[in-house]
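Trainee: Below is one structure. I have some questions about it.
Any read-out appearing in this document is the output of simple, stated calculations on the displayed coordinates, not a laboratory observation. Computed from a predicted structure; not experimentally measured. Backbone-built Cβ (ideal geometry, glycine too); neighbour counts: all protein chains shown.
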Amino acid sequence: MTDIISTQNEGIEVALLDTPAPLYPGESVPAAKKRLGLFFWICAGWIGLVILVAIFANLLPLPNPNYQNFAAPQNGAPAWGHLLGTDDLNRDIFSRLLYGARVSLVVGFGATLIALILGGLPAMYSAYRRGQVDTVLNTVSYAVLAFPALVAVIAIGEFWGHELWKITIVIGVFSAPLIYRVVRASTLSYASRDFVMAAKALGASDRRILGRELLPNIMPTIISFGLIAVATIIVLEGTLAFLGLSVPPPTPSWGNMLNEGSTLLSGSKGQTNPWLVIFPALAMFSLLFTLNVVADKLRTFFDVTEIKL
């Protein structure tokens, strides 16, 4: 019995030694350091891999995505010569999948960057200055948000054209009001803090306060919501492409491939090729899933209000 008690006492002493002591009476013990975790780095690595493959697709030993190899079987299953099979025009699905990632990434990240410039910068200034500028920008953002964005993108695309850069600009412009609302709300939560008031009292300029005091504090919100916006815009572009309203064929894109493959699922043309739908859908799902995971992990990591007991 004595041995058991002594063993327990030793364990308690070790536990007490391992626990960080408060620096002064009344101070709470610091919480465990947050970690992003292995799953975050796996998802971030996958996003980086997709971006690198899309950028350097020309340097990879791949056939031209629009090349019709009549020596290959039509609607062929995955094989060594064609890792993901071929479509109904004897084109390599793997090559078209990698080149098609460019469209999704350009539209996703490009439109988000445009939205951050058009919506994020005015949001910071209006939330900091308030007054009539804030009132006018708020009214404009509400008016644009009240208009159905998808209908506007389709209408303007039909009138202006379906080039990649045009689609990116249109989606970016109509995504700006949503970015504006998020950035403005985040800026308002810091605009009246003590460190901002102190900077004003010391005579700091508006540019310095916005760039050195407010921007670093709202940057985690911008990054996490920006990644979610990228995922949402990729879905929007894929929807437009599936409806035939995005980059026209034969330019490869994941939405175009899904549109082409949907006609080969039922065998209405006398042929079936489920691979032309499965692989683009898996590629889009994996990219969207990892973008959302990375955004959520970053939000949790930089959330200073979250306390882990």
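Trainee: Can you tell me how the chain classifies by the Cα gyration tensor, rounded, prolate or oblate, using a/c under 1.5 as the rounded cut?
Mentor: oblate
Trainee: To the nearest 0.05, how large is the calculated FRET efficiency for A204 and R130 if R₀ is 25 Å and r is the Cβ-Cβ distance?
Mentor: 0.90
Trainee: By how many degrees, between 0 and 90 and to the nearest 10, does the Cα long axis of helix 215-242 differ from the longest principal axis of the chain?
Mentor: Relative to the chain, helix 215-242 is tipped by roughly 20 degrees.
Trainee: With everything on Cα atoms, drop me the angle between helix 164-191 and the longest principal axis of the chain, reported from 0 to 90° to the nearest 10.
Mentor: Value to nearest ten degrees: 10.
Trainee: Below 27 Å Cα-Cα, how many Lys pairs turn up in the chain? Only count pairs eight or more apart in sequence, or on different chains, if you could.
Mentor: The number of close lysine pairs in the chain is 5.
Trainee: Rounding to the nearest 20 debye, state how big the charge dipole of the chain is about its Cα centre with +1 on each Lys and Arg Cβ and -1 on each Asp and Glu Cβ.
Mentor: Around 880 debye, computed over the chain.
Trainee: Let me ask another. With axes computed from alpha carbons, what is the tilt in degrees of helix 131-146 against the longest principal axis of the chain, rounded to the nearest 10 within 0 to 90?
Mentor: That helix lies at roughly 40 degrees to the long axis.
Trainee: Going through segment 250-300, which trypsin sites (Lys or Arg not before Pro) have at most 15 other Cβ atoms within 10 Å and a DSSP loop state?
Mentor: K269
Trainee: Let me ask another. Compute the FRET efficiency between I117 and F39 as 1/(1 + (r/R0)^6), taking r as their Cβ-Cβ distance and R0 = 41 Å, and round to the nearest 0.05.
Mentor: 0.80
Trainee: Considering the dipole of the chain built from charges on the beta carbon (Lys and Arg +1, Asp and Glu -1) around the Cα centre, which of A143, T251, L265 is farthest to its positive end?
Mentor: Result: A143.
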